[in-house]
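Undergrad: Once you've had a glance at the structure underneath, I'll fire off some questions.
The values are calculated or read from the model by the stated rules, or taken from the named source; none is laboratory data. These figures come from a predicted structure and were not determined experimentally. Here the Cβ is made from the backbone with ideal geometry for all residues, glycine too, and neighbour counts use every protein chain on show.
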Amino acid sequence: MADQPLKAHFVADPIELPDGRKVRVSAYPDGSIRFRVDGLPYVLTEAYLSGNPENDKAILKISPGKQGSNASHNYVEWLEEKNSQ
């Protein structure tokens, strides 16, 4: 039988961003962390996941897209539509 997915032992209250998107963070017993963000699509634009654990921090940055990505165009259109209402 396949392993069952771990149940989060901590789920933070959603953080609402100024444009209405929500970010949710969950932590799991195995030490993993899950981020849920409204407003797809996104592109991973920065990931710093190694270094000295005593001095450095993990950093993940997602963006609505970057040059050559439809994600950026779609997000700009969505913002313009949302702001015109």
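Undergrad: Restricting to the range 1-39, name every residue that is surrounded by 11 or more Cβ atoms within 10 Å (Cβ to Cβ) and free of Cβ contacts under 8 Å to residues at least 12 places away in the same chain.
TA: Answer for the range 1-39, where residues must be surrounded by 11 or more Cβ atoms within 10 Å (Cβ to Cβ) and free of Cβ contacts under 8 Å to residues at least 12 places away in the same chain: PRO14, ILE15, GLU16, LEU17, ILE33.
Undergrad: Oh, and also: Could you list, in sequence order, the residues of the range 54-81 that are modelled with pLDDT of 85 or more and either surrounded by 12 or more Cβ atoms within 10 Å (Cβ to Cβ) or assigned to a helix (DSSP H, G or I) (or both)? Steps first, answer last, please.
TA: To start, the set of residues in the range 54-81 that are modelled with pLDDT of 85 or more comprises 54-62.
Of everything in the range 54-81, those that are modelled with pLDDT of 85 or more and either surrounded by 12 or more Cβ atoms within 10 Å (Cβ to Cβ) or assigned to a helix (DSSP H, G or I) (or both) turn out to be LEU60, ILE62.
Undergrad: Hey, another quick one. With respect to SER84, is the statement that it is surrounded by 11 or more Cβ atoms within 10 Å (Cβ to Cβ), of a type in the set (S, T, N, Q) and at pLDDT 80 or above true? Steps first, answer last, please.
TA: Values: surrounded by 11 or more Cβ atoms within 10 Å (Cβ to Cβ): no; of a type in the set (S, T, N, Q): yes; at pLDDT 80 or above: yes.
When the stated conditions are applied, SER84 does not pass them.
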